[in-house]
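Read-outs: derived from the displayed coordinates by stated rules, not from any lab. Since the structure is predicted, the reported quantities are computational estimates derived from the model, not experimental observations. All Cβ positions, glycine included, derive from the backbone under ideal geometry; neighbour counts span all protein chains shown.
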Amino acid sequence: MSDTEIESSELPDDAVDPEPQRNDVELSVDGLVKRFGGITAVDGASFEVESGAMTGLIGPNGAGKSTTFHCITGIHRPDAGTVRFQGRDITGIRPYECADYGLVRTFQIAREMANMTVLENLMLPAQNQLGEQLWRSVLPFARQEVEREERELLERVWEVLEFFEIEHIAEEKAGNLSGGQRKLLEMARALMIEPEMLLLDEPFAGVNPTLEHKLLDHIHELREEGYTFLIVEHDMDLIMENCERVIVMHQGSVLAEGAPETITSNEQVIEAYLGGEV
């Protein structure tokens with residue numbers, strides 16, 4: 001035994017690594033499988049997303065990207081595999097439970113409440129509101145607390161409206177918004193849940209270049225504030241220019257993952273996108 005090993009073995013337990021090691025993995029997907037009848041949409045997908053990073057999830061049409069999102073966030077229950085968020089096993093939990101833990105997703109097609117105003121749409125997602133309890137809304141002494149919380153919530157809503165630069169349409173019915181405005185509202189609603197990680201499913205689909213740049217600016221600002229992002233997007237250039245790490249899916253499995261420059265030079269990725277054999 002070396003002198004170094006002897007010295008280390010003689011140290012008291014509390015003198016060695018007194019603090020637990022920091023876990024930089026925010027989301028871990030291991031061996032995920034989802035079948036629909038005889039079709040395997042996700043076939044043993046495994047990957048990790050680092051905390052505070054912007055990670056892209058790309059692949060040809062039918063690669064299993066959206067189904068993977070559905071399995072992670074509880075829309076679908078996977079047939080096999082595990083999903084862990086911040087070290088907690090969340091495999092198969094319900095979507096609202098996922099949101100409670102701080103893992104929130106958006107959809108390819110925005111799912112706003114069309115007959116409610118933009119402001120009302122943003123008031124809804126806030127969790128554990130006192131006004132949800134009937135007795136607090138009725139009894140005078142408890143109603144004061146509800147009103148105080150609603151005022152604070154309204155302040156938060158206006159902050160989010162201003163952040164996404166849509167305060168001018170606050171009183172507009174959500175069903176009257178343009179496609180781009182609905183994308184902004186969808187992301188604003190997700191932010192009202194105060195998540196720690198956002199899964200964005202094609203957030204730039206169908207939006208004009210000006211709005212695309214605006215959305216990207218907002219995402220980068222949120223990332224600087226500590227949010228973690230996993231983004232599904234068909235625009236490969238956009239992902240390569242904005243994400244630190246890229247995961248490529250093909251036929252339900254992870255084909256490749258790594259830094260953008262590694263992915264763009266990967267022959268298997270090129271063949272998958274061009275329709276060749278892998």
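Exposure proxy check: THR106, THR264 ranked by fewest other beta carbons within 10 Å?
The order, fewest Cβ neighbours first, is THR264, THR106.
Set the Förster distance to 51 Å, then compute FRET efficiency between LEU154 and ARG35 from the Cβ-Cβ distance, nearest 0.05.
Here the calculated transfer efficiency is 0.65.
Using a cut-off of 17 Å between alpha-carbon atoms, which lysines can reach LYS183, once sequence neighbours fewer than 8 places away in the same chain are excluded?
LYS173, LYS214
Kindly state, to the nearest 0.05, the FRET efficiency for THR117 paired with GLU271, given R0 = 45 Å and r defined as their beta-carbon distance.
0.40
About the Cα centre, and with charges only on the beta carbon of Lys, Arg (+1) and Asp, Glu (-1), how big is the dipole of segment 152-278? Nearest 20 debye, please.
Its charge dipole is roughly 360 debye.
First measure r as the distance between the Cβ atoms of GLN251 and LEU124, then evaluate 1/(1 + (r/R0)^6) with R0 = 41 Å and state the FRET efficiency to the nearest 0.05.
The value I calculate is 0.60.
Show the residues, 5+ positions off or on another chain, whose built amide H is closer than 5 Å to the amide H of VAL254.
Distant-sequence amide H within range of VAL254: SER46.
Cα-Cα pairs above 19 Å in segment 172-278: how many percent?
Here the long-distance tail beyond 19 Å is 51 percent of all Cα pairs in segment 172-278.
Give the relative contact order (percent, whole number) for segment 154-240; include only Cα pairs under 8 Å separated by 6+ residues.
It comes to 31 percent, rounded to a whole number.
In whole Å, how far is the Cα centre of segment 198-240 from that of segment 64-98?
22
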